[in-house]
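Reviewing the structure listed below.
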Amino acid sequence: MRSMPALAALAVLACSAPLLLGAAPALAKSKTCAALKAIDPDNDGSIDMAEAKAAAGAAFDRLNKDKDQTLERKELKGRLSKKDIKAGDPDKDGTIDKAEYLAIAEQRFKAANPDGDGTVDCKEAKSKAGRALMKLLR
């Protein structure tokens, strides 16, 4: 037979599980907002195309460990699928150079900005298109 404190602890855990599990999506969304805030130099709560491209350029530079001015699939660390690499690689060399990376970031920015106001805010960054953009900028 279990002791009363152990049963009480189990009861608290059982009652808390739905609350804790429900918090997981909220935590993921708050991470997205925190990531957006980290690349928002003017702290206006959104990023514009120039801020997105600056963040994408900095991300490219961080990812380009071998400093060969291109990113191979391994260096991209899952930011782009094979299909995305193929589509974003017009010279068909199997790598993504900085101009290609910035062009992909621009396409994703436009997709993440459905209202066409020229900015991506926290709400838009949480969308599927916004998460794809944020993946490139981190």
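Readers should treat all values here as calculations from the given coordinates under stated rules, not as data from a laboratory. Because the structure is predicted, anything quoted here is derived from the model rather than measured. When we count neighbours, we look across all protein chains shown, and the Cβ atoms used for this are built from the backbone with ideal geometry, even at glycine.
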| task | Under a cut-off of 19 Å between alpha-carbon atoms, report the lysines in cross-link reach of K86, not counting same-chain residues fewer than 8 places apart. | result | K74, K77, K98, K135
| task | Work from the charge dipole of the stretch 32-137 (Cβ charges, +1 for Lys and Arg, -1 for Asp and Glu, about the Cα centre) and give the residue of A103, N64, N43 farthest towards its positive end. | result | N64
| Loop trypsin sites (Lys or Arg not before Pro), the stretch 45-83 (other Cβ atoms within 10 Å of the site Cβ: 15 or fewer; DSSP) | K65, K67, K77
| field | FRET efficiency, 1/(1 + (r/R0)^6) with R0 25 Å, evaluated for S30 and K77 via beta carbons | value | 0.65
